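Chemist: Below is one structure. I have some questions about it.
The values are calculated or read from the model by the stated rules, or taken from the named source; none is laboratory data. Source: prediction; values computed, not measured. In this analysis, Cβ positions are derived from the backbone assuming ideal geometry, glycine residues included, and neighbour counts consider all displayed protein chains. Quick note on the areas: whole protein, heavy atoms, side chains included, nothing else; ligands and nucleic acids left out. Shrake-Rupley method; radii C 1.70, N 1.55, O 1.52, S 1.80 Å.
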Amino acid sequence: MTRAGPIIVVLLAIVAIWYAAAIGLNAPWQNDVYRRGDMVDVPFTQFVQDTWNQEKPVLPTAHQVFGELWNSTALVAPNKPRSLIFHAWVTFSATALGFVMGSLLGVGLAVLIVHNEAMNRSLMPWIVASQTIPILALAPLIVVIGFNIFTGTMGIPTDPARLMSKAIISAYLSFFPVAVGMVKGLRSPEAIQLDLMHTYNASPSQTFWKLRWPAAMPFLFASLKVGVAASLVGAIVGELPTGAVAGLGARLLAGSYYSQTVQIWAALFAASILAALLVIAVGVVERLVNRSMGARPA
Amino acid sequence: QDTVTLQLKWVTQAQFAGYYVAQAKGFYEEEGLTVEIKPGGPDIAPEQVIAGGGADVITTWMAAGLAARERGVPLVNIAQPFKNSGLLLTCLKEAGVETTADFPGKTLGVWFFGNEYPFYAWMAKLGYSTEGGADGVEVLKQAFNVDPLIQKQAACISTMTYNEYGQVLKAGITPEELTVFNYRDEGVGMLEDGLYVLEENLADPAFVEKMTKFVRASMKGWEYARANAEEAAQIVLDNDSTGAMTLEDQLYQMTEVNKLTEGSTGALDEADYQQTVDTLLSAVSPDNPAITKAPEGAFTHAVTDGL
Amino acid sequence: MALIAAWLFAWLFVERLSKTLAPGLGDNAGLGLLIPIAFGVTILVVWEVVTRAGNVPQVILPPPSMIWARITASVPTLLADFQQTFLKAVLIGYALGCGLGFVVAILIDRSPFLKSGLLPLGNFVSALPIVGVAPIMVMWFGFDWPSKAAVVVIMTFFPMLVNTVAGLNASSAIERDLMRTYAAGYWQTLMKLRLPAAGPFIFNALKINSTLALIGAIVAEFFGTPIVGMGFRISTEVGRMNVDMVWAEIAVAAVAGSVFYGVIVLIERGVTFWHPSVRGA
Amino acid sequence: MTTSSPTSADRTEAVVSATDLGLTFKTNDGDVVALSNVNLTINKGEFVSFIGPSGCGKTTFLRTIADLEQPTSGTLTINGQTPENARKDRSYGYVFQAPALYPWRTIEKNIALPLEIMGYGASQQAERIKRTMDLVNLSGFEKKYPWQLSGGMQQRASIARALAFDADLLLMDEPFGALDEIVRDHLNSELLKLWDRTQKTICFVTHSIPEAVYLSTKIVVMSPRPGRVTDVIESNLPRERPLDIRETPEFLAIAARVRDGLRAGHSYEETV
Amino acid sequence: MTTSSPTSADRTEAVVSATDLGLTFKTNDGDVVALSNVNLTINKGEFVSFIGPSGCGKTTFLRTIADLEQPTSGTLTINGQTPENARKDRSYGYVFQAPALYPWRTIEKNIALPLEIMGYGASQQAERIKRTMDLVNLSGFEKKYPWQLSGGMQQRASIARALAFDADLLLMDEPFGALDEIVRDHLNSELLKLWDRTQKTICFVTHSIPEAVYLSTKIVVMSPRPGRVTDVIESNLPRERPLDIRETPEFLAIAARVRDGLRAGHSYEETV
Ligand SMILES: Nc1ncnc2c1ncn2[C@@H]1O[C@H](COP(=O)(O)OP(=O)(O)OP(=O)(O)O)[C@@H](O)[C@H]1O
Ligand SMILES: Nc1ncnc2c1ncn2[C@@H]1O[C@H](COP(=O)(O)OP(=O)(O)OP(=O)(O)O)[C@@H](O)[C@H]1O
Ligand SMILES: Cc1ncc(C[n+]2csc(CCO)c2C)c(N)n1
Ligand SMILES: [Mg+2]
Ligand SMILES: [Mg+2]
């Protein structure tokens, strides 16, 4: 309860600002509506009500967004395209797969970079460069070539292949924060801790598992939180070129083609809730790991 | 059984109803075909997909198809289900646009991604610079929705008769408040949705045969859609796995699209082709290099002859 | 397969090079540059050979020579796009986003109330999908670069928040005890202990964000923009099948992003010189 | 409870006063009683040494005085106030058992740290840094970073840091542990001079019996499990102490008593 | 160069042999000569203490033996090999000046670390952990984390860690610095017993002159700026050393010589 209190207060504050902003942002359109309808001297309360309940508002209000969320989750069977749960699930599966692939890749690259100077010098600049390539430009390539390879050469059925294509984009976005964080983390042991391993003539893998890896934990979890969020962004972006079939990204985009503002916001919130849940899940794992590592309570 | 993969230019909507109907009604099956319809999206270039082997046949606008051909993707038009074009430039009178003479100094929303060629041809014809300034027009890359008009960020925006124009009206703006320019009426109309394949495949008679079956079934689908607009709209809706569209929107779109496919047998009308090519060539500029010379062999009747 | 082979080949080459040259030259800055360049050149050569020999359609992947020709031919366009996207949207959005993430992290850290109230909400914006946000930002901030900068702000906010929060907890118990013995105020402890100790984490975020900002600004331009900008050019030229121009923009983005990242790494070296990860290297 | 008649302070003024003080740490595998039933009064101007086996609670006691640990029972007042208020008054300087230097600051900047925090002017800072660095014989290492110093040098830097500002109470946890006999003798007598001159109250943890006897007006002997005070020895040595006082019979008698107290606290006297 | 006639080793076999050894650190504000012209031979089975003012290079010398620093001049061989090869043979155990325990491991797991790395079986690990923890009197703290231990306990844990596996050469950098006299005496005699039983060679840094004399067969006195060896004192005390040997005239004579050497290396004798 003590933890819920502040959240509620902050939420209330945000909702208050939200509704106030909705009046301002939706007012021009509302005035146009009144003008077209030749309505003059509309009472202010009526005006406020109207701005809060437009069909295609610039800024939809909380009750509209949550109403839509409710309608498209609780009132629709979760296996129907109208259900946000269906789309969230599609996005989540690509995110999860991409996150796992991206994290493994990120950690793997960090390990190579930390252990091998040639890797460090040759790989790092290119890893950085890879991230500056706009994925949306690369995505069609991945879709055209990757998807064909998956379904053609490798004979994977379309659905898993589509999942893989999205997961690749998701992994592409998430491996970088993990790699950067882990390079730092794996290099964070104090000199004397490394010296100790040196005196035991520990093999690189022993030094890694017994020293570098545990020492990198704080960096790992900060990176994983960013990474899982990036994975979700990647999965959503990846949903655009895979033919906008299903998923929160497809839903967002399709919503925008028909100016379904409320629907867009509902999908946005669904994505954010998914992101928050994923980040919190990583946080829970972090706490468990910290406890098992005997972390000192702050 | 023969399989065909069709890559659409855009997301599932009534614009492509003929294909979805043909599939749902079993017309493809009757021809012994299994057809996979791949929806497109804002960054899917069907030309790229077909070049990469991801599709057997694609739908695209002719201008984009010819542009791709000049850039090394040898696309050939095998059929033209859309007889008429539906591209409009829709302006707010309130913003001061009544005639083309009012354009200078205004901001115009344009769709890019291969959809901009008609616009540039038109501006070339009108002699307006697209670089802004007092005698030019300010060009906005418009997202694929009508927000810029409703938010009054642009004086004019691109719309399709069958989609965005309806959205503008639905938003509550009346036709009286709008000035609408139809590209066809301005003499810069270009052929829209056609079916394109790679030239090298046409050397294979079996492929031509397969395409003939495909086009025949597709045209049957279009015919059915014209006769049963409501059912067709529902079929499209059933094929949309995003769940974002409404039946109302699709029914409107179906009705308008039916006006565009009206009168097409599937075969390309060479006069229409020539008009598109001429318009494109009239507007060649470094900014807008759709094509620089008249294309050769960009269409064939081989497929539609067999209908 | 070819790509992996190419990469392995390039790596082996660099490995040999750094092994033979490194002991002699030590910390030589020239060598530090030479190796990635050698690696890059190898990649480019393999790319050229594969695309030409394999007859890869140029609308899918043009050879580097063609991209280079396009770059040299389109300098003014590339420059204008760079100015619009990088100098305006990226830099401004990056500064604001990182600044905001940092300030919110401090606020959160300052007050347990905000910590339990704001941090979960911070998670909430962590992955506001750029595709959803970009159109909304266009709606709010107009077509031009401010809406792109806003997208960049949203994208860069969360990494900075998470890393700063983690960093502020990075000082050790005894270091904090020392400050307590001086009855140092919150701000003194922050300025003299916790921020320096958080440095490595904050720079992590700055590095990650430097690339995220670029991606964000470019992708945001897919959703409505004036007809200039790197993202605009990329999406438009893909549609026009001018894939060489797309890669020319990608090349500019890669160079700009790498330089941006490199500058931050240099600053990091200077500021967190004391951290074992810098001291040891 | 031990109320000492001060040997050297002008007035009987309790600086530290602990009554039935207890502190128990909760850990993953059970409680550790670090302090139990500690009764002790330290008057102004006293020099109190704490001596006892490793793990008997010396550090914990100092940390409790410094308001870095909270007692779980009993009461503790510093200058008649709560430890927290005393800390906020900046009543003490603390030399930790480990150097705890900040790696991003040079040695002189580390010593400047408390001065910056307490708002000393630039010239005063410079003067104090120079004086204390001279005192611990670190001149010439001003611009070095902590990791470039030997263990003993780091310890001396942390001593300098605690001496740089004027706290009336000094808490020193084995400050000279890593120093050789000569430096240690030198610093011992410097510390005594400082104490004599400034009338500071000093709490000093050491493992060296001669050091404890040489420096202190009072020696507190502690024993572990649970940590408690087993003996409080008042020293009647004169306030003026040349180094060779360590050969006198009075000195040796006190040392013997401390040694006995210390041995009693150990569990393996038999093996020695 | 000093070639010693071994007092206790069976054969004259050089374990450590340094010739004209020098080591200079480059720092942001100039070079620091940590070792210069060090010539020293340590034979198998010797117990060598290093003593010298803070910052004279004792730690640096030990680290050089351990292949943790690279000499900038001269040569150094360990068991006739390069330091690197000796390290790879796991020829030595090192007790650092700071405990360097891994904070995420419990005490027993910290002690298990070298055993895990060197591939000892589970039961052997358990047995060795128990034995060494008993030796340093830490039983009962197996499951605690380092930050739950007092300074002296941490130091003992790090000693236990170095003794848990059987290296023929022990490098110990002020291992008993944070321990009280009683524990120190206890560990001193345990160390002597171990040395006697196992014929190990031990390099031992200490600041305590009595400790150095009590333990060693050879005492190396060093002096700073630049770090160099100023005296090497062979001890002729018997190998069997009861604690009260420290009162004998022979013992005191050696101690006096060490003290003189130490004092000579200091810059402020006058102030003492
Ligand atoms: N990493 C380093 N970089 C620069 N200088 C160093 C470094 N390590 C040690 N030094 C310098 O080398 C000299 C010798 O240091 P060393 O640690 O060997 O001394 P020591 O004899 O062990 O002293 P103590 O008894 O205080 O531990 C000192 O002056 C120190 O400042
Ligand atoms: N944070 C902590 N959590 C749990 N137990 C602790 C903690 N700090 C200290 N202890 C325990 O309290 C006891 C007293 O520790 P303290 O550090 O006060 O000993 P000390 O007398 O200073 O010993 P030393 O001479 O070795 O420094 C020890 O048994 C130690 O294990
Ligand atoms: C073959 C074909 N070519 C171009 C477009 C482009 N287009 C026409 S309308 C529209 C907006 C959404 O209705 C877009 C992007 C298309 N759809 N189909
Ligand atoms: Mg202690
Ligand atoms: Mg040392």
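Chemist: Which pairs do you get when a residue that is farther than 16 Å from E:ARG87 by Cβ, found in segment E:43-71, comes within reach of a residue that is assigned to a loop (DSSP other than H, G, I, E, B) and within 16 Å of ligand 2 (Cβ to nearest atom), reach meaning Cβ atoms under 7 angstrom, with the pair 6+ apart or on two chains?
Modeler: Filtered contacts from segment E:43-71: E:THR59/E:GLN97.
Chemist: Going through segment B:158-192 one residue at a time, which ones are of a type in the set (A, V, I, L, M), crowded, with 21+ Cβ neighbours inside 10 Å and in a strand (DSSP E or B)?
Modeler: Selection gives B:MET160 alone.
Chemist: Now, a different point. From the list E:TRP195, E:TRP147, which residue is within 16 Å of ligand 4 (Cβ to nearest atom), assigned to a helix (DSSP H, G or I) and touching a residue at least 40 places away in the same chain (Cβ under 8 Å)?
Modeler: Exactly one of E:TRP195, E:TRP147 is within 16 Å of ligand 4 (Cβ to nearest atom), assigned to a helix (DSSP H, G or I) and touching a residue at least 40 places away in the same chain (Cβ under 8 Å), namely E:TRP147.
Chemist: Any idea which residue in segment E:250-269 is most open to solvent (accessible area, probe 1.4 Å), counting only those that are at pLDDT 80 or above and hydrophobic (A, V, I, L, M, F, W, C)?
Modeler: So in segment E:250-269, the residues at pLDDT 80 or above come out as E:250-263.
Those left that are additionally hydrophobic (A, V, I, L, M, F, W, C): E:251-256, E:258, E:262.
Details: E:PHE251: 6, E:LEU252: 95, E:ALA253: 62, E:ILE254: 16, E:ALA255: 9, E:ALA256: 44, E:VAL258: 0, E:LEU262: 0 Å².
Going through the qualifying residues, I end up with E:LEU252.
Chemist: Next question, about the same structure. Taking only segment D:21-60 into account, find how many residues are within 16 Å of ligand 4 (Cβ to nearest atom) and among the aromatic types (Phe, Trp, Tyr).
Modeler: 2
Chemist: Looking at (1) part of a loop (DSSP other than H, G, I, E, B); (2) buried (at least 20 other Cβ atoms within 10 Å of the Cβ), which one does D:GLN155 not meet, given that it meets all the others?
Modeler: Against the list (1) part of a loop (DSSP other than H, G, I, E, B); (2) buried (at least 20 other Cβ atoms within 10 Å of the Cβ), D:GLN155 comes up short only on (1).
Chemist: Let me ask another. Among (1) modelled with pLDDT of 90 or more; (2) more than 12 Å from A:ALA222 (Cα to Cα); (3) open to solvent by 10 Å² or more (accessible area, probe 1.4 Å), where does C:SER172 come up short?
Modeler: For C:SER172, the exception is condition (1).
Chemist: Okay, moving on. Looking only at segment D:72-98, how many residues end up being part of a loop (DSSP other than H, G, I, E, B), at the interface with chain C (Cβ under 10 Å from one of its Cβ atoms) and either within 16 Å of ligand 2 (Cβ to nearest atom) or not basic (Lys, Arg) (or both)? Please lay out each step first, then the result.
Modeler: As a first pass, look at segment D:72-98 and keep what is part of a loop (DSSP other than H, G, I, E, B): D:72, D:79-80, D:82, D:89-91, D:96-98.
Checking the rest, the ones that are also at the interface with chain C (Cβ under 10 Å from one of its Cβ atoms) come to D:89-91, D:96-98.
From what's left, either within 16 Å of ligand 2 (Cβ to nearest atom) or not basic (Lys, Arg) (or both): D:89, D:91, D:96-98.
So the count comes out to 5.
Chemist: Can you tell me which residue within segment D:135-152, out of those that are open to solvent by 10 Å² or more (accessible area, probe 1.4 Å) and of a type in the set (A, V, I, L, M), is nearest to E:LEU62 (Cα to Cα)?
Modeler: D:LEU149
Chemist: Please state which of the following conditions C:MET241 fails to meet, knowing it meets all the rest: (1) at the interface with chain A (Cβ under 8 Å from one of its Cβ atoms); (2) closer than 17 Å to B:TRP111 by Cβ; (3) in contact with a helix residue (DSSP H, G or I) (Cβ under 6 Å, 6 or more places away or on another chain).
Modeler: (1)
Chemist: Out of A:ILE280, A:ILE264, report the one residue that is touching a Gly at 6+ places or on another chain (Cβ under 6 Å) and open to solvent by 10 Å² or more (accessible area, probe 1.4 Å).
Modeler: Numbers: A:ILE280 fails: touching a Gly at 6+ places or on another chain (Cβ under 6 Å).
Result of the check over A:ILE280, A:ILE264: A:ILE264.
Chemist: Moving to a separate point now. Name the single residue that is most open to solvent (accessible area, probe 1.4 Å) among those in segment C:112-148 being of a type outside the set (A, V, I, L, M, F, W, C) and more than 9 Å from chain A (Cβ to nearest Cβ). Spell out the reasoning first.
Modeler: Within segment C:112-148, the first condition is being of a type outside the set (A, V, I, L, M, F, W, C), and the residues that meet it are C:112, C:115-117, C:120, C:122-123, C:126, C:129, C:132, C:135, C:142, C:144, C:146-148.
Add one more test, that the residue is more than 9 Å from chain A (Cβ to nearest Cβ), and what stays is C:142, C:144, C:146-148.
Values: C:GLY142: 16, C:ASP144: 66, C:PRO146: 48, C:SER147: 2, C:LYS148: 4 Å².
Checking each candidate, the answer is C:ASP144.
Chemist: Can you find even one residue in segment C:217-235 that is farther than 29 Å from C:ILE174 by Cα, without any contact (Cβ under 8 Å) to a residue 60 or more places away in the chain and either at the interface with chain A (Cβ under 7 Å from one of its Cβ atoms) or in a helix (DSSP H, G or I) (or both)?
Modeler: The initial filter retains those residues of segment C:217-235 that are farther than 29 Å from C:ILE174 by Cα, namely C:217-235.
Next cut, without any contact (Cβ under 8 Å) to a residue 60 or more places away in the chain only: C:227, C:234-235.
Subset that is either at the interface with chain A (Cβ under 7 Å from one of its Cβ atoms) or in a helix (DSSP H, G or I) (or both): C:234-235.
Yes.
Chemist: Scan segment D:176-191 and report the pairs whose first residue is more than 7 Å from every other protein chain (Cβ to nearest Cβ) and assigned to a helix (DSSP H, G or I) and whose second residue is open to solvent by 10 Å² or more (accessible area, probe 1.4 Å) and within 16 Å of ligand 5 (Cβ to nearest atom), with Cβ atoms within less than 9 Å and a gap of 6+ or a chain change.
Modeler: Listed by first residue and then by second, the contacts come to D:ARG184/E:HIS207; D:LEU187/D:ASN137.
Chemist: Go through segment B:202-307 and tell me which helices (runs of 4 or more DSSP H), entirely inside it, have 1 or more residues that are within 14 Å of chain A (Cβ to nearest Cβ).
Modeler: On the way: elements: B:205-227, B:229-239, B:247-261, B:270-282, B:302-305.
So the answer is B:229-239, B:247-261.
Chemist: So is D:LEU101 away from ligand 4 (no atom under 14 Å from the Cβ) and within 14 Å of chain E (Cβ to nearest Cβ) or not? Before you say what the answer is, go through the steps one by one.
Modeler: On the way: away from ligand 4 (no atom under 14 Å from the Cβ): yes; within 14 Å of chain E (Cβ to nearest Cβ): yes.
Yes, satisfied.
Chemist: Ok, one more. Under the condition of being open to solvent by 10 Å² or more (accessible area, probe 1.4 Å) and within 16 Å of ligand 4 (Cβ to nearest atom), which residue from segment D:175-192 is nearest to the chain's Cα centre (by Cα)?
Modeler: Taking the candidates together, the pick is D:GLY177.
Chemist: Quick check on segment B:157-200: of everything there that is within 14 Å of chain C (Cβ to nearest Cβ), more than 10 Å from ligand 3 (Cβ to nearest atom) and within 22 Å of the chain's Cα centre (by Cα), which residue is farthest from B:TRP111 (Cα to Cα)?
Modeler: Among them, the one singled out is B:GLU199.
Chemist: While we're on this one: Only one of these conditions is not met by A:GLN54: (1) closer than 30 Å to B:LYS152 by Cα; (2) in a helix (DSSP H, G or I). Which number is it?
Modeler: (2)
Chemist: Only one of (1) within 16 Å of ligand 2 (Cβ to nearest atom); (2) surrounded by fewer than 24 Cβ atoms within 10 Å (Cβ to Cβ); (3) in a strand (DSSP E or B) fails for D:GLU69. Which number is that?
Modeler: Among (1) within 16 Å of ligand 2 (Cβ to nearest atom); (2) surrounded by fewer than 24 Cβ atoms within 10 Å (Cβ to Cβ); (3) in a strand (DSSP E or B), D:GLU69 violates only (3).
Chemist: Just to be sure I understand, how many residues within segment B:193-228 are open to solvent by less than 10 Å² (accessible area, probe 1.4 Å) and either farther than 20 Å from B:GLU29 by Cα or among the acidic types (Asp, Glu) (or both)?
Modeler: 4
Chemist: Run down A:LEU123, A:LEU75, A:LEU112, A:LEU136 and say which single residue is at pLDDT below 85 and farther than 21 Å from A:LEU248 by Cβ. Don't jump to the end; show me each part of the working.
Modeler: Working: A:LEU75 fails: farther than 21 Å from A:LEU248 by Cβ; A:LEU112 fails: at pLDDT below 85; A:LEU136 fails: farther than 21 Å from A:LEU248 by Cβ.
Going through A:LEU123, A:LEU75, A:LEU112, A:LEU136 in turn, the sole match is A:LEU123.
Chemist: Within segment E:53-61, is even one residue surrounded by fewer than 24 Cβ atoms within 10 Å (Cβ to Cβ), within 17 Å of D:SER150 (Cα to Cα) and in contact with a Leu (Cβ under 6 Å, 6 or more places away or on another chain)?
Modeler: yes
Chemist: Quick check on segment D:23-35. Is at least one of its residues aromatic (Phe, Trp, Tyr) and either surrounded by fewer than 24 Cβ atoms within 10 Å (Cβ to Cβ) or within 16 Å of ligand 1 (Cβ to nearest atom) (or both)? Explain how you work it out, then say what you get.
Modeler: At the first step, the residues of segment D:23-35 found to be aromatic (Phe, Trp, Tyr) are D:25.
Add one more test, that the residue is either surrounded by fewer than 24 Cβ atoms within 10 Å (Cβ to Cβ) or within 16 Å of ligand 1 (Cβ to nearest atom) (or both), and what stays is D:25.
Within segment D:23-35, one or more residues are aromatic (Phe, Trp, Tyr) and either surrounded by fewer than 24 Cβ atoms within 10 Å (Cβ to Cβ) or within 16 Å of ligand 1 (Cβ to nearest atom) (or both).
Chemist: Which residues, counting only those in segment B:235-278, are surrounded by fewer than 17 Cβ atoms within 10 Å (Cβ to Cβ), of a type in the set (A, V, I, L, M) and over 30 Å from A:THR73 (Cβ atoms)? Give the derivation first.
Modeler: Taking segment B:235-278 as the starting set, the residues that turn out to be surrounded by fewer than 17 Cβ atoms within 10 Å (Cβ to Cβ) are B:238, B:246-248, B:259, B:262-263, B:265, B:269-271, B:274, B:278.
Still in the running and of a type in the set (A, V, I, L, M): B:247, B:271.
If the condition is that a residue be surrounded by fewer than 17 Cβ atoms within 10 Å (Cβ to Cβ), of a type in the set (A, V, I, L, M) and over 30 Å from A:THR73 (Cβ atoms), then B:ALA271 is the only one that fits.
Chemist: Which of the residues that make up segment B:119-154 are away from chain C (no Cβ under 12 Å) and open to solvent by 10 Å² or more (accessible area, probe 1.4 Å)?
Modeler: B:ALA124, B:LYS125, B:LEU126, B:GLY127, B:TYR128, B:SER129, B:GLY133, B:ALA134, B:ASP135
Chemist: Listed residues A:ILE192, A:ILE169; which is in the same structural domain as A:VAL111 (by TED's automatic domain parsing), within 30 Å of E:ARG161 (Cβ to Cβ) and either surrounded by fewer than 20 Cβ atoms within 10 Å (Cβ to Cβ) or within 14 Å of the chain's Cα centre (by Cα) (or both)?
Modeler: Numbers: A:ILE169 fails: within 30 Å of E:ARG161 (Cβ to Cβ).
The unique qualifying residue is A:ILE192.
Chemist: While we're here: Step by step: first the residues of segment B:208-241, then only those that are of a type outside the set (A, V, I, L, M) and touching a strand residue (DSSP E or B) at 6+ places or on another chain (Cβ under 8 Å), then the one that is modelled with the lowest pLDDT. Which residue is that? Lay out the reasoning, then the answer.
Modeler: Let us first name the residues in segment B:208-241 that are of a type outside the set (A, V, I, L, M), namely B:209-210, B:212-214, B:216, B:218, B:220-224, B:226, B:228, B:230-231, B:234, B:238-241.
With touching a strand residue (DSSP E or B) at 6+ places or on another chain (Cβ under 8 Å) added as a condition, the list becomes B:210, B:213-214, B:218, B:239.
Working: B:LYS210: 92, B:LYS213: 93, B:PHE214: 94, B:SER218: 93, B:ASN239: 89.
Taking the candidates together, the pick is B:ASN239.
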